[in-house]
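Novice: Handing you this structure, nothing more for now.
Please treat every number below as a calculation from the coordinates, not as lab data. Remember, predicted model here, so these are calculated numbers, not experimental data. In this analysis, Cβ positions are derived from the backbone assuming ideal geometry, glycine residues included, and neighbour counts consider all displayed protein chains.
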Amino acid sequence: MDAHTYRDELARLRNARALVHMDLGEYDEAERDSLAAAQIEEELGEENPHRFLQAAIDYTSAGRARREIALRNEDSLAPTFAALGDALRVLGRAPSHAPLADRLHAAVGSL
């Protein structure tokens, strides 16, 4: 497996694992995996700008996990907004693609 394919698969697996952790209520792990996936997707976006859309979705997932952590610990929501800011930042670098952009905005709205 070449390096590019490896990073692509790693991002997809980290994203999938983050979703499982979210479903299990393991928000710290979900945040960690979502951020790792987002970072890889953002790097891959330099070669393929469509990957910025997935990075934005991954940052949104991290924001959702951070929200759950903040609610559980009665902490500030500032880290949640930071992750959502990252989502919007990378979304601005993505080519226009209405269905995925709508999905991201829906996810942000559910917070």
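Novice: What size of dipole, in debye to the nearest 20, comes out for the chain about its Cα centre when the only charges are +1 on Lys and Arg C-beta atoms and -1 on Asp and Glu C-beta atoms? Don't skip to the end; give the middle numbers.
Specialist: Details: 13 positive and 20 negative charges, 58 e Å.
Rounded to the nearest 20 debye, it is 280 debye.
Novice: Return the sequence-ordered ³J(HN,Hα) values of segment 3-15 in whole Hz as given by the Karplus equation 6.51 cos²θ - 1.76 cosθ + 1.60 applied to θ = phi - 60°, using x for Gly and Pro.
Specialist: So the Karplus estimates, Gly and Pro as x, are 4, 5, 4, 4, 5, 4, 5, 4, 4, 5, 5, 5, 5 Hz.
Novice: List the GluC sites (Glu not before Pro) in segment 41-70 that DSSP assigns to loop (not H, G, I, E or B) and whose Cβ has at most 11 other Cβ atoms within 10 Å. Which are they? Don't jump to the answer; show the numbers that get you there.
Specialist: On the way: sites: Glu41, Glu42, Glu43, Glu46, Glu47, Glu68; in loops: Glu46, Glu47.
Passing both the DSSP loop test and the Cβ count: Glu46, Glu47.
Novice: I would also like to ask the following. Diagonalise the Cα gyration tensor of segment 29-87 and give the resulting equivalent ellipsoid semi-axes, square root of 5 times each eigenvalue, largest first, whole Å.
Specialist: On the way: eigenvalues 112, 19, 9 Å².
For segment 29-87, the ellipsoid semi-axes come out as 24, 10, 7 Å.
Novice: Let me ask something else. Just for the Cα atoms in the chain, what are the lengths along the principal axes, largest first, rounded to whole Å?
Specialist: On the principal axes, the chain reaches 43, 30, 20 Å in Cα extent.
Novice: If you build a Gaussian network model of the chain, linking Cα atoms that sit under 10 Å apart, which residue out of Ala94, Ala18, Ala78 swings the most?
Specialist: In this elastic network of the chain, the residue with the biggest mean-square fluctuation among Ala94, Ala18, Ala78 is Ala78.
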